[in-house]
Structures are given as C-alpha cells and as structure tokens.
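Here's the structure we're looking at; comments come further down.
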Amino acid sequence: MVISTSKTATAKRPVKLTRSEKNDDVKRRLFGAAAKMVGRYGYADASVARITDAAGVAQGTFYNHFENRQELLDQLLPVIGQQMVAFIRTRIDQANSEVEREVTRFRAFFDFLKETPEFLRILNEAEVYAPTGYQHHLDNISTAYVRLLKRARGPGRVGDYTDEELEVIVHVLMGARGYLSRRYAYGEDGPQAVPEHVFTAYEKLISAGLFDKA
C-alpha cells in the first residue's frame, strides 16, 4: 500500500461559509471596527471610511448592511450592551446568594470595561449622537435587570419592593456604575485598575444599607 506524503493529501480543506455566515461575519467586523473608531475618535469623527478601513471591507460593502452611518451608530450601543450582559451572565453562575450575585455583576461590569475600554465613551456620547440607540440600550438593560430582581424577590433575598420601586432601584444601581466607572476605571492614560475599596463599599451598601434602622 502506498501512503501519500503530499501536503495536499493530508491538509484539511478550509470551511466554506454560507452567504448568511459571510454577511454575519462582515456585520460583526463592522460593529467591532465602529466600536474602536468611536472609542478613539468619538461619534462625530468615526467616519464610514475609518470604520470600513478598520474592518477590512470596502465602503460599498458597508451600504449592503446599513442604510447610512447613523443606522450603524444607533445600533452600536445596544449591540455592545448585549455583549456586556452576556459577559456578566457567565460570571454569576457560582454565586450563592442574591447579594453575592449583585456584587459579582458589579465586579464583572468593571472587568468588561477592561476588555472593552471604548464602551464608556460610546455610552456617554450616545445620548447626543445616537439617542435612539442610547434609549434602546437603557431599556434593554433596565428591563432585564428588573426582571432579575423580580425573580429574586422574597424573604432573605430581595426586599419587599413593588415593581415600580424595583425599577427605581435598578436605575440607582445603573447610575452608580456609570459614575463610579468615570471616577475609578479611567485615568489620564486610559483604563486603570479599580481599587478594591470600591467593591467593598458597594457590597456594604447593598447588603446592609447606608443607615442603621432605628
């Protein structure tokens, strides 16, 4: 028996993507490039030319996926927001209590900022440059967050808050993330390690409250 030693006999053929898979890949690359360009230049200067160049696709290809630049920018924050939710969700599986889950979510948010440092600029500028996407993102995150707390509501888990009160709590917690990230997650030279006292203060606040009950 003759055993061929040619590379072509043993090499695996490259997997051929379907048209749908190719389109998904291009769109993913465009979103990734847009995130980098907005993070570097801001929404105003994240041009189609810069985005397509960073994505490695032709400008004409861009318009096969988006009607114009604004359509991409309006979708950008919600897409990254869902990536953030998925990232955080993977971290809370081992948590044993609702307090531990919330602290884990809080820590995971800052871990996500380390991996996606452009997120904060995308979020902060979206209210002006991509208001549709900004509102969509807030609705996505707050709705999912409220749903989590509703499921956890009960003695020894989450307090006896009404649905309306839980929505208020969620926006308080979201606001804390936003302001604390500005204060502690970024320095003059870019992203920086968040001090441990930020996490211990947050844990104390949500587990025991700020004021002693009379």
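The values are calculated or read from the model by the stated rules, or taken from the named source; none is laboratory data. All figures in this text were calculated on a predicted structure; none of them were measured in a lab. Neighbour counts are summed over all protein chains in view; Cβ atoms, including those assigned to glycine, are modelled from backbone coordinates with ideal geometry. Only protein heavy atoms, including side chains, enter the accessible area calculation; ligands, DNA and RNA are left aside. Shrake-Rupley method; radii C 1.70, N 1.55, O 1.52, S 1.80 Å.
Over all distinct alpha-carbon pairs, what is the Kirkwood Rh of the chain in angstrom?
Across the chain, the inverse of the average 1/r is 20.0 Å.
Return the aspartates and glutamates within reach of Lys16: Cα separation strictly under 13 angstrom, same-chain partners fewer than 8 residues apart disregarded; answer none if there are no such residues.
Asp25
So for the pair Thr61, Ile92, with labels modelled 7 Å out along Cα→Cβ, what separation do we get in nm?
3.7 nm
How far is helix 196-208 tilted, in degrees, relative to the longest principal axis of the Cα atoms in the chain, given as a value from 0 to 90 rounded to the nearest 10?
For 196-208 against the chain, the angle is about 50 degrees.
Share of the chain's accessible area from carbon and sulfur, percent, 1.4 Å?
Carbon and sulfur atoms account for 52 percent of the accessible area of the chain.
For the chain, what is the accessible area per residue in Å², given a 1.4 Å probe and the full set of protein chains?
Value for the chain: 64 Å² per residue.
How large is the dipole of the chain about the Cα centre if only Lys and Arg carry +1 and Asp and Glu carry -1, each at its Cβ, rounded to the nearest 20 debye?
1080 debye
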